[in-house]
Amino acid sequence: RRLVPMVKVEWQGHVVAESDDTVMVEGNHYFPESSIKKEYFAESAKPSTVCPWKGKASYYDLKEGDNVAKGVVWSYPETITPQAEKIRGHYAFYTFKGGPQVVA
């Protein structure tokens, strides 16, 4: 059995995602959908973007009361190459001072 560290995302004093089964791609932890706390997520007005090997990214805001971090979460609901299949339906986070923080 492999020992994998628990990785979590903290924002505004809350854990909004936590998993020992993230997928690391291009320096970002992608969290499985089952590991996110959907009560903090809302669809973002940020336009989707397209990666040539991952596909079309959908964006989400983090919300808690009056606090909103716009477009800081992204996901690939559908992927376009076999290499990207492992992150389909997973969620990744932009991290910055005052924004979500990935803690490994």
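The values are calculated or read from the model by the stated rules, or taken from the named source; none is laboratory data. Everything quoted here is computed from the prediction, not taken from an experiment. Cβ sites come from the backbone with ideal geometry, for glycine too, and all protein chains shown count toward neighbours. SASA here: full protein model, heavy atoms, side chains in, ligands and nucleic acids out. Shrake-Rupley method; radii C 1.70, N 1.55, O 1.52, S 1.80 Å.
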Taking region 78-104 as the search range and keeping residues that are over 18 Å from ASP20 (Cβ atoms) and of a type in the set (Lys, Arg), which one is most open to solvent (accessible area, probe 1.4 Å)? LYS97
When the residues of region 1-50 are narrowed to those that are closer than 15 Å to GLY99 by Cβ and among the basic types (Lys, Arg), which ends up least open to solvent (accessible area, probe 1.4 Å)? LYS8
May I ask you to list the residues in region 61-94 that are part of a loop (DSSP other than H, G, I, E, B) and touching a residue at least 12 places away in the same chain (Cβ under 8 Å)? PRO77, GLU78, THR79, ILE80, THR81, GLY89, HIS90, TYR94
Condition first: in a loop (DSSP other than H, G, I, E, B), at negative phi and in contact with a Lys or Arg (Cβ under 9 Å, 6 or more places away or on another chain). Can you find one or more residues in region 9-29 that meet it? no
